[in-house]
Amino acid sequence: MGHPDLGRQELHLHLEGAIQPETLQEIDSALTLEEIARETSYSDFAGFIKSYVWVNRKLRSPGDYAIAAKRLFEYLEAQGVSYAEVTLSAGVVLWKKQDLGAVFDAVAREAGRSRIGVRWILDATRQWGAEAARPVFDFAAEHMQDGVAAIGLGGFEAEGPAHWFRDLYAQARGRGLRLTCHAGETTGPESVWDALDIGAERIGHGIRAIEDPRLLEHLRDRRIPLEVCITSNVRTGAVASLKQHPVRKLFDAGVPVILNTDDPALFECTLQSEYALAARELGFTEDELAGIAENARLFAFGAFGRPTH
């Protein structure tokens, strides 16, 4: 995968899921690599979420978030990534009763120091409902000039249906925010339809769309991209095996696909390794992967480069 344009933009990347073990030790010197390995071991999606929450609990101050962001941007630059839309679990910051403004200022400051282009997607946790999400949406709208490009929903799909957030998404769109939503990762294609119904412009994962031919046609004809994370889906059990991952069939159906790492520390992958995996195991040609890389540029929510303040 030596093509210079492959894997240089990433649109689905969680800050908290990108914290490498060494960075966790930098944040909390009492942690051992053995403890980190034990607490970030999982065998299904629920176990993964438990690991994700454990990592989040280690972020106790804006300074901790700053370290996480600084190391992430260094890591991305070393990987050859030139632009990233990084999701901050803002709903979790508020759940921890931390100061979201101070946390965001800390990570945005690090983004401003980085040589890569960074835009932020602020994520609310869907199972906690619309009222818990409202402050996240308001904060995102108030910080668009500081690099916030979009709003999203994460968490357990089945426990927080998209329609709960219809009004918040409509308000966010009216305020100029772009809209994405995790859907069709652990529940069926109806979850993708629901996300589209509330206005999502991109779908996080969306792999279960393969089960609905009408949905495939809709995604293809409307040019609605899926933010596909191959290793993530295998590691969480969202797909039974790598060979059964539907990304090849989604691509062949004409659905716009973008490759991403999702949580590269927790899934032990890089953007380059995702492209290599798609070529080696799923039969993508270099020209096809170049088209996928172009999708990452076409469907990015922010202009490449630093935000204007």
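The values are calculated or read from the model by the stated rules, or taken from the named source; none is laboratory data. Quick caveat: nothing in here was measured; it's all calculated off a predicted structure. Every residue, glycine as well, gets a Cβ built from its backbone with ideal geometry; the counts of neighbours run over all protein chains shown.
Structural remarks
- When the residues of the stretch 63-99 are filtered to those that are in a helix (DSSP H, G or I), of a type in the set (Gly, Ala, Ser) and surrounded by fewer than 17 Cβ atoms within 10 Å (Cβ to Cβ), the one that is farthest from the chain's Cα centre (by Cα) is 63.
To keep it simple, each residue is scored yes or no on (1) among the β-branched types (Val, Ile, Thr); (2) buried (at least 23 other Cβ atoms within 10 Å of the Cβ); (3) over 19 Å from the mean Cα position of the chain (by Cα); (4) over 30 Å from residue 25 (Cα atoms).
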site: 201; (1), (2), (3), (4): no, no, no, yes
site: 217; (1), (2), (3), (4): no, no, yes, yes
site: 229; (1), (2), (3), (4): no, yes, no, no
site: 232; (1), (2), (3), (4): no, yes, no, no
site: 236; (1), (2), (3), (4): yes, yes, no, no
site: 281; (1), (2), (3), (4): no, no, yes, yes
site: 287; (1), (2), (3), (4): no, no, yes, yes
site: 301; (1), (2), (3), (4): no, no, no, yes
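- All positions within the stretch 8-53 that are more than 15 Å from the chain's Cα centre (by Cα), assigned to a loop (DSSP other than H, G, I, E, B) and of a type outside the set (D, E, K, R): 20, 29, 30, 31, 32, 40, 41, 42, 43
- Residue pairs meeting the criteria (Cβ under 7 Å; at least 6 apart or on separate chains; first farther than 12 Å from residue 55 by Cβ, in the stretch 23-35; second of a type outside the set (Ser, Thr, Tyr)): 25/31; 26/67; 33/21
- Looking across 195, 209, 172, one residue alone is aliphatic (A, V, I, L, M) and closer than 25 Å to residue 103 by Cβ. It is 172.
- If the condition is being within 22 Å of residue 104 (Cβ to Cβ) and surrounded by fewer than 20 Cβ atoms within 10 Å (Cβ to Cβ), then the stretch 24-50 contributes 26, 28.
- Search result, residues across the stretch 139-173 that are assigned to a helix (DSSP H, G or I), aliphatic (A, V, I, L, M) and touching a helix residue (DSSP H, G or I) at 6+ places or on another chain (Cβ under 6 Å): 162, 168, 172
Here is a yes/no grid of residues against (1) closer than 30 Å to residue 240 by Cβ; (2) among the hydroxyl-bearing types (Ser, Thr, Tyr); (3) in contact with an Asp or Glu (Cβ under 9 Å, 6 or more places away or on another chain):
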| position | (1), (2), (3) |
| --- | --- |
| 6 | yes, no, yes |
| 12 | yes, no, yes |
| 24 | no, no, no |
| 29 | no, yes, no |
| 33 | no, no, yes |
| 41 | yes, yes, no |
| 51 | yes, yes, yes |
| 59 | no, no, yes |
| 68 | no, no, yes |
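- Selection within the stretch 203-216 - under 18 Å from residue 180 (Cα atoms), among the aliphatic types (A, V, I, L, M) and part of a helix (DSSP H, G or I): 207, 209, 215, 216
- Filtering the stretch 174-197 to residues that are assigned to a helix (DSSP H, G or I), out of contact with any strand residue (DSSP E or B) (no Cβ under 6 Å at 6 or more places or on another chain) and either buried (at least 16 other Cβ atoms within 10 Å of the Cβ) or charged (D, E, K, R) (or both) leaves 189, 190, 193, 194, 196, 197.
- Single residue of 129, 154, 112 found to be crowded, with 22+ Cβ neighbours inside 10 Å and not polar (S, T, N, Q): 154
- Criterion violated by residue 119 - all others in (1) over 22 Å from residue 198 (Cα atoms); (2) touching a Gly at 6+ places or on another chain (Cβ under 7 Å); (3) surrounded by fewer than 22 Cβ atoms within 10 Å (Cβ to Cβ) satisfied: (3)
- Members of the stretch 263-274 found to be farther than 18 Å from residue 38 by Cα and either surrounded by fewer than 22 Cβ atoms within 10 Å (Cβ to Cβ) or modelled with pLDDT under 95 (or both), listed by number: 270, 272, 273
- For the stretch 100-123, the candidate set comprises residues that are β-branched (Val, Ile, Thr) and in a strand (DSSP E or B); within that set, the residue that is nearest to residue 173 (Cα to Cα) is 121.
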